[in-house]
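Have a look at the structure below, then the notes.
The values are calculated or read from the model by the stated rules, or taken from the named source; none is laboratory data. Note that the structure is predicted; figures quoted are calculated from it, not measured. Don't worry about glycine lacking a Cβ; one is built from the backbone with ideal geometry, like all the others, and counts go over all protein chains shown.
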Amino acid sequence: MRSFQSQPEQGVGEPRVKRPAEERGRIVMREGKPRPLFFTGKRPKRDRHSRRKVSFFHFRNYEPAFKYFTEQVLDADFVPTPTPTRATIKRGEEMSADYVCTPFKHIIGDYAAALEQGADVLVQVTGFCRLNYYGELQEMILRDAGYTDFQMLNFSYVASGKMRDYIAYCKKVVNPNLSVAHGVKNLLGAYRMVEHIDAFRDRYLANAGFEVEPGSFQRVRKEFISSMNAAKTNSDIEDGFRRSMDALDALATKKPADPVRVGIVGEYYTAQDPTSCLNLEQKLLDMGVELSNAMSISAFNLHFNIDAAQASISEYSTYDMGPTSTFNIAAAKRYAEAGYDGIVHIKSAGCTPEIDVMPVLQRLSRDYHVPVLFLTFDTQTSDAGLDTRLEAFYDMIAMKKVR
Amino acid sequence: MSLEFGRRADLADVRRVGIPRALLYYRYGIAWRTFFEQLGCEVVLDAPSDRATLETGDHLSVDECCLASKLFLGHVSALVDEGVDAVFVPSLMSYGRFETFCTKFQALPDLAENAFIVAGRRVRVISFRIDEPKGDAEEDAYLGLAARFGASRKEAKRAYKAAADAQRAYDASMAREQEKLVKGLSKLPEAERPLTILIAAHPYVSHDPFVGGVVEDALREQGACVLFADETDRSRALKRSYDFSHSIPWIVNRELIGSILMLHEHIDGIVLMSAYPCGPDSMCDDAIERCIKGKPILTLTVDAQAGTAGVETRVESFVDILSYQKKGGYLNA
């Protein structure tokens, strides 16, 4: 500690240290706004924002992540895709070939709706199976249908799969002034947001079937999605997530000690998207079931170790059977081993890889004595048939459980 | 799969190898046969598809499977009944980023095995995996399989080389034949030239007598000259297809599209044929209809229906329209 008592070697020019007791207090206040220092070491930021109006397709409730990606990573305007209606689906169905897979029809319907909302860049991702060709064919169909004033951000065109090429492509189509440093930072935020949306969904599905106050879980979920939608920075995402998870945990439930548990596996898009599978998750929740859905972006794209999964199902398949086949078989096996009461397998009409998974699941069902309900969804909008089948399935597994 | 020379040869007891006459047999059959014959196995092929094959296959498969895969399981079943030691079902995935196969071919060995187990039967499947972008090259796959038969590295290499050469020679001869035919046609004077129709379909559809045979017969009966889109120089066709599309992921469809482009000026019409419900074709046919202009296109979906009258009528009317058009419209006929 510095002593003020004796300072024998003090130089002449140095200010004399006042005794603390001698220093009198001073209060200052000036009018007006804070003035910056004359030189802060920073040039004013140039406006990098692009006025391109980017739109995605509708996919479960990932829209906030798409929005965040567009606004914070691509730094462009985001046009939300209108909630799909019967008309949107019908439109998509009319525009596409008869037996193309169903997500294609849903997505192209969304695109047409988004273009009518004024979007001028449509984003299509790349991946596996027919998805590789979605973007190109959809662009062709939309142009033939008379929508000319748009560009496609089709990640299938980046054949190399290198980050550098993806950035160059985004710069070319959406925003030439894109800041890479800023983009990378916020891409991490988008990544976290996707993880959070999935974590929230998993918690929701596990407990929402046992809510005490009807509609309370839905309310918290809506709040969560709107807080994600409002997020502007990475910390907004974390805050919103934490708050919503706490709110979700605070809700009263009347969960029995041993509830009926159902696991959902299936085709990537249809198994997750409520519009495609006629709100199947909610229907099951309303029956009072603890649900778990294996498929999500974070489970399949971000945290999936295919070699480990393949090893875990080696008695059922020697090779990887298709894009999501190994994932689904492994997930179904996990559910069976964890003692789930039933498994629902969801696919879109004509989905080749999921059709090929079905015999494996039939075998698994036999080996583990777990009922598997196979459901195929096309662009139908009537859910009476689905209700009957779900009720029958629920009755069967509930009775089996009691016995 | 890594090479396993010198390890335990777990397939050494397999003497009679069955190859189902379905799906990619029509593309790689010669290579497969030669390969197993070189390894000293007896190769058993079952009879060409007929209604009974389809019925057996239908019982073994999930309802929504495509016609071609139902036929495939029917053929496997026929081979099992014939008492072969094992059935050869490779898992083919891809030769490049946009040169992949339908996921059906990727799943085939496991699909066959599981379908049989579900039906309470057994089938011993021998298989290999080709997925070049991930490092499972074609040659390694063949050599690895030969090693499991107890072949030495030298024998394995010889067998692979013989197989690849035989297939290449066969493909080249088919392509040459068709090229000769096209040249001969173009030399004929306009008036004498028969109607030239290109059948663009997966080889297991167009060359299977039960599926595409009907269409070919109907076309020939009408006096048309039939060309096949899969009997051209495949590597040139593949290259050409990149002019058409950047992102079509299927190698077979790419080759078909490439040869449509290559033969475009020599033909009067195109028949696009697909087995219901074919995944790759569901998108590629749409694209072809939108982008290949100037030639009439008949899209035929072949179903498991009994009877061929429906197909025949469509083909006949298509040929009629084309021949009227060739004569300068209905009024000048």
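Hey, any hits in region A:310-327 for a residue that's closer than 23 Å to A:Ile197 by Cβ, within 14 Å of chain B (Cβ to nearest Cβ) and not hydrophobic (A, V, I, L, M, F, W, C)? Show your work before the answer.
Of all residues in region A:310-327, those closer than 23 Å to A:Ile197 by Cβ come to A:323-324, A:327.
Add one more test, that the residue is within 14 Å of chain B (Cβ to nearest Cβ), and what stays is A:323-324, A:327.
Then drop every residue that is not not hydrophobic (A, V, I, L, M, F, W, C), which leaves A:323-324.
Within region A:310-327 (the criterion being closer than 23 Å to A:Ile197 by Cβ, within 14 Å of chain B (Cβ to nearest Cβ) and not hydrophobic (A, V, I, L, M, F, W, C)), the answer is yes, since at least one residue qualifies.
Name the single residue that is farthest from the other protein chains (Cβ to nearest Cβ) among those in region A:149-174 being in a loop (DSSP other than H, G, I, E, B) and among the β-branched types (Val, Ile, Thr).
A:Val174
Which ones in region A:143-168 are polar (S, T, N, Q) and within 17 Å of A:Ser96 (Cβ to Cβ)?
Here is the first cut: in region A:143-168, the residues polar (S, T, N, Q) are A:148, A:151, A:154, A:156, A:160.
Selection gives A:Asn154 alone.
Looking only at region A:375-403, filter to residues that are more than 30 Å from the chain's Cα centre (by Cα) and among the aliphatic types (A, V, I, L, M); which one of those is surrounded by the fewest Cβ atoms within 10 Å (Cβ to Cβ)?
A:Val402
Assuming A:Thr102 fulfils every condition listed in (1) buried (at least 18 other Cβ atoms within 10 Å of the Cβ); (2) more than 14 Å from every other protein chain (Cβ to nearest Cβ); (3) under 19 Å from A:Ser382 (Cα atoms) apart from one, which condition is it?
Going through the list (1) buried (at least 18 other Cβ atoms within 10 Å of the Cβ); (2) more than 14 Å from every other protein chain (Cβ to nearest Cβ); (3) under 19 Å from A:Ser382 (Cα atoms), A:Thr102 breaks only (2).
Name every residue in region B:117-135 that is over 20 Å from the mean Cα position of the chain (by Cα), within 22 Å of B:Met93 (Cβ to Cβ) and within 9 Å of chain A (Cβ to nearest Cβ), in order of residue number.
The one that is over 20 Å from the mean Cα position of the chain (by Cα), within 22 Å of B:Met93 (Cβ to Cβ) and within 9 Å of chain A (Cβ to nearest Cβ): B:Val125.
How many residues does region A:105-131 contain that are over 18 Å from A:Cys170 (Cα atoms), within 12 Å of another protein chain (Cβ to nearest Cβ), surrounded by fewer than 24 Cβ atoms within 10 Å (Cβ to Cβ) and not aliphatic (A, V, I, L, M)?
If we filter region A:105-131 for residues that are over 18 Å from A:Cys170 (Cα atoms), which is where we start, we get A:105-118, A:128-131.
Now restrict to residues that are within 12 Å of another protein chain (Cβ to nearest Cβ): A:105, A:108, A:128-131.
After this cut, where a residue has to be surrounded by fewer than 24 Cβ atoms within 10 Å (Cβ to Cβ) as well, the list is A:128, A:131.
Retained after the next criterion (residues that are not aliphatic (A, V, I, L, M)): A:128.
Qualifying residue count for the region: 1.
Checking the conditions here, which among B:Thr103, B:Thr34, B:Thr53 is in contact (Cβ under 8 Å) with a residue 24 or more places away in the chain, β-branched (Val, Ile, Thr) and under 28 Å from A:Pro323 (Cβ atoms)?
On the way: B:Thr34 fails: under 28 Å from A:Pro323 (Cβ atoms); B:Thr53 fails: under 28 Å from A:Pro323 (Cβ atoms).
Selected residue: B:Thr103, the only one of B:Thr103, B:Thr34, B:Thr53 that is in contact (Cβ under 8 Å) with a residue 24 or more places away in the chain, β-branched (Val, Ile, Thr) and under 28 Å from A:Pro323 (Cβ atoms).
What pairs come out if I take residues in region A:261-273 that are more than 17 Å from A:Gly127 (Cα to Cα) and pair them with residues that are among the acidic types (Asp, Glu) and in a loop (DSSP other than H, G, I, E, B) whose C-beta lies under 8 Å away, six or more apart or interchain?
Pairs found: A:Arg261/A:Asp341; A:Val262/A:Asp341.
Name the residues in region A:182-198 that are over 23 Å from A:Gln124 (Cβ atoms) and in contact (Cβ under 8 Å) with a residue 60 or more places away in the chain, would you?
A:His182
Could you list, ordered by first residue, the pairs with Cβ atoms under 7 Å in which the first is in region B:309-324 and more than 14 Å from B:Arg220 (Cβ to Cβ) and the second is part of a helix (DSSP H, G or I) and modelled with pLDDT under 90, at least 6 apart or interchain?
These pairs meet every condition: B:Tyr324/B:Tyr330.
Quick one: count up the residues across region B:272-301 that are closer than 28 Å to A:Ile355 by Cα and more than 13 Å from chain A (Cβ to nearest Cβ). Before the answer, list the steps.
Residues of region B:272-301 that are closer than 28 Å to A:Ile355 by Cα, as a first pass: B:272-289, B:299-301.
With the extra rule that they be more than 13 Å from chain A (Cβ to nearest Cβ), the set shrinks to B:273, B:300.
Going through region B:272-301 one residue at a time, the tally reaches 2.
Search region B:171-183 for residues that are closer than 14 Å to B:Ala237 by Cβ and pair each with any residue that is part of a helix (DSSP H, G or I) and of a type in the set (Ser, Thr, Tyr) when their beta-carbon atoms are under 7 Å apart and the residues are at least 6 apart or on different chains.
Pairs that qualify, where the first residue is closer than 14 Å to B:Ala237 by Cβ and the partner is part of a helix (DSSP H, G or I) and of a type in the set (Ser, Thr, Tyr): there are none.
Can you tell me which residues in region B:80-97 are surrounded by fewer than 21 Cβ atoms within 10 Å (Cβ to Cβ) and at the interface with chain A (Cβ under 7 Å from one of its Cβ atoms)?
Once the filter is applied, which keeps residues that are surrounded by fewer than 21 Cβ atoms within 10 Å (Cβ to Cβ) and at the interface with chain A (Cβ under 7 Å from one of its Cβ atoms), region B:80-97 yields only B:Arg97.
How about region A:224-243: which of its residues are more than 14 Å from A:Gly189 (Cβ to Cβ) and over 16 Å from the mean Cα position of the chain (by Cα)?
Residues satisfying the conditions are A:Arg242, A:Arg243.
Please work out which one of (1) farther than 25 Å from A:Arg221 by Cβ; (2) buried (at least 24 other Cβ atoms within 10 Å of the Cβ) is the condition A:Ala330 fails and give its number.
(2)
Counting only residues that are within 13 Å of chain B (Cβ to nearest Cβ) and touching a Leu at 6+ places or on another chain (Cβ under 7 Å), which one in region A:334-375 is farthest from A:Val402 (Cα to Cα)? Talk me through it step by step, then tell me what you get.
Filtering region A:334-375 down to residues within 13 Å of chain B (Cβ to nearest Cβ) leaves A:345, A:347-367, A:372, A:374-375.
Right, trim to touching a Leu at 6+ places or on another chain (Cβ under 7 Å) and you get A:345, A:356, A:359, A:372.
Numbers: A:His345: 23, A:Asp356: 33, A:Pro359: 28, A:Val372: 18 Å.
Per the stated criteria, the residue is A:Asp356.
If you check A:Asp202 against the conditions, is it outside any loop (DSSP other than H, G, I, E, B) and more than 21 Å from A:Phe57 (Cα to Cα)?
On the way: outside any loop (DSSP other than H, G, I, E, B): yes; more than 21 Å from A:Phe57 (Cα to Cα): yes.
Spelling it out, A:Asp202 is indeed outside any loop (DSSP other than H, G, I, E, B) and more than 21 Å from A:Phe57 (Cα to Cα).
Are any residues in region B:203-227 closer than 19 Å to B:Ile30 by Cβ and surrounded by fewer than 20 Cβ atoms within 10 Å (Cβ to Cβ), and if so, which ones?
Listed by number, the list holds a single entry, B:Pro209.
One line per residue, one yes/no per condition, for (1) over 28 Å from B:Arg97 (Cβ atoms); (2) out of contact with any Leu (no Cβ under 9 Å at 6 or more places or on another chain):
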site	(1), (2)
B:Ser173	yes, yes
B:Ser186	yes, yes
B:Arg193	yes, no
B:Pro203	no, no
B:Val211	yes, no
B:His246	no, yes
B:Ile251	no, no
B:Arg254	no, no
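So A:Tyr269 fits all but one of (1) more than 25 Å from A:Ala65 (Cβ to Cβ); (2) hydroxyl-bearing (Ser, Thr, Tyr); (3) out of contact with any Gly (no Cβ under 8 Å at 6 or more places or on another chain); what number is the exception?
(1)
Restricting the first residue to region A:157-181 and requiring it to be modelled with pLDDT of 90 or more, which pairs with a second residue that is among the polar types (S, T, N, Q) and not in a helix (DSSP H, G or I) meet a Cβ separation below 6 Å and a spacing of at least six or different chains?
Taking only residues 6 or more apart or on different chains, the pairs are A:Val173/A:Gln151; A:Val174/A:Ser50; A:Asn175/A:Ser50.
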